[in-house]
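Scroll down for the structure; my scribbles are underneath it.
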Amino acid sequence: MKLRQLAAVFLVMGFGVMFMTSDLMAKPIEIQFWHAQTGALEESLKKIVNAFNQSQNKYVVIPVAKGSYSETMNAGIAAFRSHNQPHILQVYEVGTQTMMLSRAIYPVYDLMKDTGHHIDWNGYLQPVLSYYEASNGELQSMPFNSSTPIMYYNKDMFKKAGLNDPPKTWEDLGKAAARLVASGVVEYGMTSAWQTWVMIENYSAIQNIPIASEANGFDGLDARLTINNPMLIHHFERLKQWMNDKRFVYEEREYKGPQAAFISGKCAILMDSIGAIGTLKHNAKFDWGAAPLPVEASNKEPQNSIIGGASLWVLKGHPKEDYQGIADFLAFLATEDMQILWHKETGYLPITLKAYEKLKSSGYYQKYPAQEVGILQLTRKAPTVNSRGIRLGSFPQIRDVMNEEIEMLWQGKRTAKQALDDAAGRGNELLRQFEKRSE
Amino acid sequence: MLKRSSFSSRFLPYLLILPQLLIILTFFYWPAAQAFFQSFMLSDPFGVRSQFVWLYNFRHLFEDPLYWKSIGITFIFSFLTTMLSLSAGLLTAALANRVLKAKSAIRTFLIWPYAVAPAISGVLWMFIFHPTFGIISRLPMQWLGITWNPILNGNDALFLVIIASAWKQISYNFVFFIAGLQSIPKSLIEAAAIDGAGPFRRFWTISFPLLSPTLFFLMVMNVVYAFFETFGIIHTVTQGGPGGATMTMIYKVYRDGFVGLDLGSSAAQSVVLMIVIVALTLFQFKYIEKKVQYAG
């Protein structure tokens with residue numbers, strides 16, 4: 001590089017620094033918001049943040065994408081250990097217990113109270129709040145993107161097989177799947193994304209049975225998994241049987257394979273998060289519908305399903321005036337307009353009843369009935385101790401263990417009972433480890 | 001003979017190696033020391049609570065049959081990946097060395113895959129072998145009546161990640177083998193040819209022994225590659241599944257440390273991994289290197 005060019009570069013850099021510093025002096029308080037949203041979700045998140053930044057001039061929220069959920073959580077932890085933590089950290093639902101015990105957080109309930117925000121918590125969707133509440137009912141983190149699993153079905157295939165309504169019970173589902181396969185309309189009956197979330201966690205919540213002792217872990221770190229109960233064993237035996245006669249096909253632990261199987265017409269029924277609606281809208285070249293997850297025929301009053309997704313945690317260690325801005329931002333996030341925007345663009349649940357009712361009265365759900373299925377399933381009954389959520393340490397690993405053992409069942413290397421016994425045993429070992437680390 | 005360099009100042013040589021030394025210290029010794037220290041601790045991820053537990057993490061690790069399984073998988077995986085990529089690399093290099101036309105174009109094509117990141121290599125192979133949308137698994141395998149499902153069948157999954165990992169490394173091996181082959185004096189091969197040795201015989205009795213230093217170097221590099229750098233492939237293709245069938249040691253370090261946030265156990269596993277790879281490399285130098293002929 002020539003000397004003159006070099007000088008020019010330095011000059012530009014110098015101006016840049018000057019601008020930046022002069023800018024800083026006049027700048028409002030910055031609030032760092034680390035999140036794990038990518039693609040279209042990040043765009044929607046930025047819209048909300050920009051709307052907040054334009055609504056006032058005291059604070060500026062700066063959203064920073066940190067990669068996947070586990071990468072974001074790790075980034076937050078590493079930053080906290082080096083005293084560089086962001087103000088707000090998005091953490092997936094399975095990290096809830098770790099965050100609650102971290103001693104690094106400022107509980108949202110306290111934050112809102114301390115900063116003079118009077119929030120009517122009863123106006124929120126209760127199963128969403130309850131997942132992030134301490135056992136005394138105080139909210140620990142702000143629900144952000146919440147989803148729940150529902151059932152999608154291929155209407156064209158149903159018609160061809162002479163079926164009308166989507167099955168309501170597991171029994172009916174078995175019959176419908178048998179008919180679909182036997183009539184030659186489709187190779188396989190159904191599949192499921194996120195099998196542990198759908199077939200263990202949500203199945204148990206809907207049936208109102210616990211997956212762990214101590215009220216699913218809400219009441220203490222000494223919780224033990226109870227997933228090897230007769231009901232779940234029976235449920236998995238049934239699924240294994242369906243697998244043998246092609247009524248059920250296993251695609252993978254996460255969602256890509258199952259969604260591909262449904263979209264390509266390999267199977268007629270898919271159980272997946274409400275977040276799949278967008279993908280199906282874009283890619284499914286057939287008429288499809290959405291329905292609640294099936295329940296057991298004996299279950300006349302099915303419970304609410306439980307949520308997945310992530311919430312926003314406020315971290316300790318910042319100047320007091322910053323927390324006013326954080327609280328204002330969280331309150332802004334929960335306003336109807338923002339919730340409606342978020343729900344419409346991403347398909348995630350609106351977290352307040354007011355936002356839901358406003359959407360309903362505007363006729364939105366008549367136009368998009370699939371969007372309402374999850375909300376109705378989630379709010380059909382007040383949550384019980386078994387359906388308000390799961391509070392277990394090392395939960396990401398426990399899900400891995402459950403997945404591994406269920407895969408052993410699918411491979412035929414274990415019976416349903418053995419698989420669930422082993423999953424419970426290995427999971428309990430992880431829980432004891434977590435308990436020991438948290439001492 | 002090596003020449004002894006002479007410096008005017010006693011400190012100059014130290015000054016010259018200082019930058020490299022600093023890099024190694026900050027990016028290898030410092031994290032390694034931290035991992036070592038962490039492996040004796042039991043702590044929560046935020047570092048608020050931690051306790052010194054002596055060898056608890058190691059004991060707990062070796063009492064876990066799944067950790068032994070993971071070690072077994074790692075050895076099978078590394079052995080097969082190394083063997084496959086070395087033999088394929090040697091074969092292509094030996095063949096490419098005999099090519100007369102379009103030499104450089106062919107070599108470029110053979111070296112190209114090395115520019116592909118491991119994660120992308122994994123995705124490519126997944127596209128080819130995926131049971132739902134893979135080209136190979138949908139057509140040829142169904143015609144041949146092979147039941148193929150890497151998503152459900154552990155052996156299929158292991159096979160898939162071995163292929164993807166080995167494929168990625170063939171180009172690397174190819175470069176070194178072809179360089180090695182070219183440095184073999186033509187006169188030796190011509191002399192053998194005059195004595196009536198066929199191409200195969202010439203390769204085995206002349207080229208191959210003279211290639212042994214290259215082969216040895218590549219063996220060490222490939223084992224290290226298989227142990228550490230295949231993380232991206234496993235992460236994109238199987239995530240250690242199904243049923244833990246592709247849970248190699250390095251992937252378990254990641255799962256337990258970054259997803260499970262069990263830093264103590266993850267650090268202990270890193271230390272074990274470090275010991276294993278050091279032992280393996282020493283073993284290679286001590287026993288295999290004896291068979292290497294350094295001609296010159």
Number of the exception - residue A:101 against (1) buried (at least 19 other Cβ atoms within 10 Å of the Cβ); (2) free of Cβ contacts under 8 Å to residues at least 40 places away in the same chain; (3) within 14 Å of chain B (Cβ to nearest Cβ): (2)
Some residue of the range A:373-380 being more than 12 Å from every other protein chain (Cβ to nearest Cβ), surrounded by fewer than 16 Cβ atoms within 10 Å (Cβ to Cβ) and among the basic types (Lys, Arg): yes
Count - residues of the range A:78-93 that are part of a helix (DSSP H, G or I) and either of a type outside the set (A, V, I, L, M, F, W, C) or buried (at least 24 other Cβ atoms within 10 Å of the Cβ) (or both): 2
3 or more residues small (Gly, Ala, Ser) and away from every other protein chain (no Cβ under 13 Å): qualifying helices (runs of 4 or more DSSP H) within the range B:1-88: B:30-38
Yes/no for residue B:27 being modelled with pLDDT of 90 or more and touching a strand residue (DSSP E or B) at 6+ places or on another chain (Cβ under 7 Å): no
Conditions (1) touching a Leu at 6+ places or on another chain (Cβ under 8 Å); (2) more than 20 Å from residue A:185 (Cα to Cα); (3) at pLDDT 95 or above; number of the one not met by residue A:226: (1)
Helices (runs of 4 or more DSSP H) fully within the range B:178-296 counting 3 or more residues that are within 14 Å of chain A (Cβ to nearest Cβ): B:231-237, B:249-254, B:263-283
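Take residue A:340 and decide whether it is among the aliphatic types (A, V, I, L, M), under 19 Å from the mean Cα position of the chain (by Cα), assigned by TED's automatic domain parsing to the domain that holds residue A:58 and crowded, with 17+ Cβ neighbours inside 10 Å.
Working: among the aliphatic types (A, V, I, L, M): yes; under 19 Å from the mean Cα position of the chain (by Cα): yes; assigned by TED's automatic domain parsing to the domain that holds residue A:58: yes; crowded, with 17+ Cβ neighbours inside 10 Å: yes.
Criteria met by residue A:340.
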Tally of residues being aromatic (Phe, Trp, Tyr) and free of Cβ contacts under 8 Å to residues at least 12 places away in the same chain across the range B:38-50: 1
Positions within the range A:61-98 being facing chain B (nearest Cβ under 9 Å) and of a type in the set (S, T, N, Q), in sequence order: A:70, A:74, A:98
Test for residue A:375: is it assigned to a helix (DSSP H, G or I) and more than 17 Å from the chain's Cα centre (by Cα): no
Residue within the range A:194-206 that is at pLDDT 95 or above, buried (at least 17 other Cβ atoms within 10 Å of the Cβ) and among the charged types (D, E, K, R) present: yes
Close pairs from the range B:111-136: first away from every other protein chain (no Cβ under 14 Å), partner hydroxyl-bearing (Ser, Thr, Tyr) and part of a loop (DSSP other than H, G, I, E, B), Cβ under 7 Å, at least 6 apart: B:118/B:230
Positions within the range A:170-228 being in a loop (DSSP other than H, G, I, E, B) and among the polar types (S, T, N, Q), in sequence order: A:183, A:208, A:226, A:228
Failed item in (1) over 24 Å from residue A:208 (Cβ atoms); (2) within 14 Å of chain B (Cβ to nearest Cβ), with residue A:221 passing the rest: (1)
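The values are calculated or read from the model by the stated rules, or taken from the named source; none is laboratory data. Since we're looking at a predicted model, the values are computed, not measured. Every residue, glycine among them, receives a Cβ derived from its backbone with ideal geometry; neighbour counts consider all protein chains shown.
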